[in-house]
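The values are calculated or read from the model by the stated rules, or taken from the named source; none is laboratory data. Because the structure is predicted, anything quoted here is derived from the model rather than measured. Note: ideal-geometry Cβ built from the backbone for every residue, glycine included; neighbour counts use all protein chains shown.
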Number of protein chains: 2
Amino acid sequence: MADKILSISRRTRSTPFSRRVEAAGVKGYTVYNHMLLPTFFDSSEVDYWSLCNDVQVWDVSCERQIEVKGPDSERLIQLMTPRDISKAVIGQGLYAPLCDENGGVINDPVLIKFAPDDWWISIADSDVRLWARGLALGYGLDVEIFEAGVWPLAVQGPKAEKLVTRVFGDEVPGIRFFRSKMLEYQGRAMMVMRSGYSKQGGFEIYLNDPELAEPQWDELFEKGQDLNVRPGGPNLIERIESGLLSYGNDMTMAHNPFECGLDHFIDLDADIDSISLPALRKLKGRHEHQLVGLVFDELMQLDGFEIHHDGRVVGDIRSLVWSPRYLRHLAMAMMKRDFLSQHQSVSIDGKTGKIVDLPFDFDAIM
Amino acid sequence: MADKILSISRRTRSTPFSRRVEAAGVKGYTVYNHMLLPTFFDSSEVDYWSLCNDVQVWDVSCERQIEVKGPDSERLIQLMTPRDISKAVIGQGLYAPLCDENGGVINDPVLIKFAPDDWWISIADSDVRLWARGLALGYGLDVEIFEAGVWPLAVQGPKAEKLVTRVFGDEVPGIRFFRSKMLEYQGRAMMVMRSGYSKQGGFEIYLNDPELAEPQWDELFEKGQDLNVRPGGPNLIERIESGLLSYGNDMTMAHNPFECGLDHFIDLDADIDSISLPALRKLKGRHEHQLVGLVFDELMQLDGFEIHHDGRVVGDIRSLVWSPRYLRHLAMAMMKRDFLSQHQSVSIDGKTGKIVDLPFDFDAIM
């Protein structure tokens, strides 16, 4: 299948970094939350090694921040997620699936209690704002809900801490994982969190002034020259090796958090008012599918995504990539649990793939 | 700006027609409702002449149908739109903006009363399903809301009626504009409506069985050979010449329907319960912007979308295209009304553009 051009319009929104991203030679985009997300600059594989060895700057403006503000903000956020948020600390990121009344996953954002009665939902690719506003209106809640004027820039890779420290100062190394500090950039306070969509370490800078986007981008590249800083984006190889889920790919509204292995983020026993908890309490242990890893030694060709066994569909491939590090084909697949209870492998295109737990344990696999 | 590749994954969903679209040589896509929408096969201009002279088949599966079913379905739909839907006829399409409590446009779908207590919302690019589900839960409405297993295929162009008649039979010509009939295809009843996102005439076939997608695509191409049938997609040149609005491009949630010239679809005096009506009644006549057409004789270069005059921003370009028929640069722009009341033209890049009403009246312009 030959490469296809993305037709860009105002509907596929640009970001305050787009001119720099273009100048840096972006080759591919995807569209995420109605916004351009750069996917690769050289090739997925070259970008992968740069991310794993050095440091990259990613325009992840498309991680839109849905801000929920007002006296009922915490109540609304808690209605939306089955994770207990009552002990959230200001400036802390909480990975928290949002689930509907059937337990289906609406989104899997990072929640940030930005200030008392002021929450940010750092969303994956679905219009959470619309769900939140529908709920708020229907329940008569006293909140304002809007897309904040914030465009996250991620700095990822083993040398990220060094680079971000050079730009934001000595407070950076003291920031713990999924915690943040408000740090000054050209006289303006911005949230800097130790987070990001890779397992190579790094930070996300929540840029809140579009005028500062280009100066910030330029400064990161100037100060990172000796660190081999490169432009990048969420990298398919790295994120699958690391077992990071992608909403819309590995899971959808048709799946519940147990199927996605998100049990740890569901507080079934908490005394909280959350839309999905009644359904999730019933579903626990009875869910039909499980997201697992598949490992193939050889390249195989997909003809559609369904996985068949003995004439029936037993699951489907959600994400797939060739790992240049492990020299394996790695997939995430949503498989029927009754099949999993009886099988340790699947067959696709005549090739056998080993079924493993997520995240991949390469010591055990290799 | 060089062309960029679209990175395709399961999140950018394929359709039942995708294999045929690929085989037909699609060159560009956009992402619409988290789904691939083919944008061009030859070039935008070559595709344009084919659409205007002959007939095209478009995979517009991304016009997702949000189905709202149950005793409270009409009540929910009416809450969402300020257009009075009480007199809707089964099988009729109603273009109806959905608006929030501030009057902002959430989407501009075609509503279809499919059966009593069973509505389809044929949506533009935003997750209307999430808003509807939030409202339904909050208001305690007895409805089911889901994305229907329906993938529209559009047949557009002056020869569309001839082609659709060859496939669906003699009842086709009797279908009036924005009306539909349930017609059989290989033993299965499908809705066929006289509608589509062009002004060249045509139909939309609401395919409801993915297994029939490829046979239907193939039959349309076989029976349309002598009509010069070509694959296509919503065409930027044609839709701007025709003044067809695009949600996310020409208007967003930040705009109200008066600003978009949609006054005709707002029933301000109706005795209906609709979320946006109180706000819209106050806004009428006081809205700040107006969507207008701009006509430039010469090509101009955009540096950003904002339009400046005397040191202030007086509007912004929303869509822009070169018309090979009229040899003019045509834009849709959201302009400040106080500027419009004093000016008949704008200046961009040193070129003067005439301000005109939408849709463009080319007899008056030329």
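Of note:
- Matching option when the condition is in a strand (DSSP E or B), surrounded by fewer than 24 Cβ atoms within 10 Å (Cβ to Cβ) and within 12 Å of chain A (Cβ to nearest Cβ), among B:PHE114, B:PHE146: B:PHE146
- Residue check: B:ARG133 meets all listed conditions (1) without any contact (Cβ under 8 Å) to a residue 24 or more places away in the chain; (2) more than 18 Å from B:PHE114 (Cβ to Cβ); (3) surrounded by fewer than 24 Cβ atoms within 10 Å (Cβ to Cβ); (4) charged (D, E, K, R) but one, namely (3).
- Considering only residues in the stretch B:177-199 that are surrounded by 15 or more Cβ atoms within 10 Å (Cβ to Cβ) and of a type in the set (Gly, Ala, Ser), the one that is farthest from the chain's Cα centre (by Cα) turns out to be B:SER180.
- For B:ILE8, the criteria (1) within 14 Å of chain A (Cβ to nearest Cβ); (2) more than 20 Å from the chain's Cα centre (by Cα); (3) under 26 Å from A:ILE106 (Cβ atoms); (4) touching a residue at least 40 places away in the same chain (Cβ under 8 Å) hold in every case but one, which is (4).
- Restricted to the stretch A:280-305, and to residues there that are in a loop (DSSP other than H, G, I, E, B) and of a type in the set (A, V, I, L, M, F, W, C), the residue that is farthest from A:MET366 (Cα to Cα) is A:PHE305.
- Any hit, the stretch A:329-337, residues being of a type outside the set (Phe, Trp, Tyr), surrounded by fewer than 20 Cβ atoms within 10 Å (Cβ to Cβ) and over 30 Å from A:SER43 (Cβ atoms): yes
- Residues in the stretch A:15-43 that are small (Gly, Ala, Ser) and touching a Ser or Thr at 6+ places or on another chain (Cβ under 9 Å): A:SER18, A:GLY28.
- Among the residues examined, A:GLY174 qualifies as more than 14 Å from chain B (Cβ to nearest Cβ), among the small types (Gly, Ala, Ser) and over 17 Å from the mean Cα position of the chain (by Cα).
- Some residue of the stretch A:81-97 being on the phi < 0 side of the Ramachandran plot and without any contact (Cβ under 8 Å) to a residue 24 or more places away in the chain: yes
- Odd one out for A:SER61, checked against (1) touching a Pro at 6+ places or on another chain (Cβ under 7 Å); (2) within 14 Å of chain B (Cβ to nearest Cβ); (3) not acidic (Asp, Glu): (2)
- Filter result (touching a residue at least 24 places away in the same chain (Cβ under 8 Å), closer than 17 Å to B:TYR95 by Cβ and assigned to a strand (DSSP E or B)) within the stretch B:171-221: B:SER180, B:MET191, B:MET193, B:GLY202, B:PHE203, B:GLU204, B:TYR206
- Verdict on B:VAL31 being within 20 Å of A:SER126 (Cα to Cα), crowded, with 23+ Cβ neighbours inside 10 Å, touching a helix residue (DSSP H, G or I) at 6+ places or on another chain (Cβ under 8 Å) and at pLDDT 95 or above: no
- When residues in the stretch B:234-257 are screened for being more than 14 Å from every other protein chain (Cβ to nearest Cβ), assigned to a loop (DSSP other than H, G, I, E, B) and buried (at least 21 other Cβ atoms within 10 Å of the Cβ), 2 of them pass.
- Filtered by the rule that a residue be buried (at least 18 other Cβ atoms within 10 Å of the Cβ) and at negative phi, the stretch A:200-211 gives A:GLN200, A:PHE203, A:GLU204, A:ILE205, A:TYR206, A:LEU207.
Each row is one residue, and each column tells you yes or no for (1) surrounded by 12 or more Cβ atoms within 10 Å (Cβ to Cβ); (2) in contact (Cβ under 8 Å) with a residue 40 or more places away in the chain.
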{"site": "B:LYS284", "(1), (2)": "yes, no"}
{"site": "B:HIS287", "(1), (2)": "yes, yes"}
{"site": "B:HIS309", "(1), (2)": "yes, no"}
{"site": "B:ARG312", "(1), (2)": "no, no"}
{"site": "B:ILE317", "(1), (2)": "yes, no"}
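- Residues of the stretch A:338-366 that are in contact with a Gly (Cβ under 7 Å, 6 or more places away or on another chain) and β-branched (Val, Ile, Thr): A:VAL346, A:VAL356.
- Pairs linking a residue in the stretch B:28-49 that is within 9 Å of another protein chain (Cβ to nearest Cβ) and more than 12 Å from A:SER9 (Cβ to Cβ) to a residue that is in a strand (DSSP E or B) and among the basic types (Lys, Arg), with Cβ atoms under 7 Å and 6 or more positions apart or on different chains, are B:HIS34/B:ARG13; B:LEU36/B:ARG13.
- Filter result (under 23 Å from the mean Cα position of the chain (by Cα) and either charged (D, E, K, R) or within 14 Å of chain A (Cβ to nearest Cβ) (or both)) within the stretch B:261-274: B:ASP263, B:ASP267, B:SER274
- B:ILE77 falls short of the stated requirement of being among the hydrophobic types (A, V, I, L, M, F, W, C), in contact (Cβ under 8 Å) with a residue 60 or more places away in the chain and either within 14 Å of chain A (Cβ to nearest Cβ) or closer than 20 Å to B:SER246 by Cβ (or both).
- Of the listed requirements (1) without any contact (Cβ under 8 Å) to a residue 40 or more places away in the chain; (2) more than 12 Å from every other protein chain (Cβ to nearest Cβ); (3) of a type in the set (A, V, I, L, M, F, W, C), B:PHE305 misses just one: (2).
- Filter result for B:GLU67 (charged (D, E, K, R), more than 12 Å from every other protein chain (Cβ to nearest Cβ), within 27 Å of B:GLY174 (Cα to Cα) and surrounded by 24 or more Cβ atoms within 10 Å (Cβ to Cβ)): no
- Residue in the stretch A:149-170 that is surrounded by the most Cβ atoms within 10 Å (Cβ to Cβ), counting only those that are closer than 17 Å to A:SER195 by Cβ and touching a Lys or Arg at 6+ places or on another chain (Cβ under 7 Å): A:LEU163
- Candidate set: the stretch B:95-106, residues that are surrounded by 24 or more Cβ atoms within 10 Å (Cβ to Cβ) and within 14 Å of chain A (Cβ to nearest Cβ); chosen: the one farthest from B:LEU207 (Cα to Cα): B:GLY103
- Checking A:ARG75, A:ARG83 one by one, the residue that is touching a helix residue (DSSP H, G or I) at 6+ places or on another chain (Cβ under 7 Å), over 30 Å from A:GLU22 (Cβ atoms) and basic (Lys, Arg) is A:ARG83 and no other.
- When A:SER198 is tested against (1) within 14 Å of chain B (Cβ to nearest Cβ); (2) within 22 Å of A:TYR32 (Cα to Cα), exactly one condition is not met: (1).
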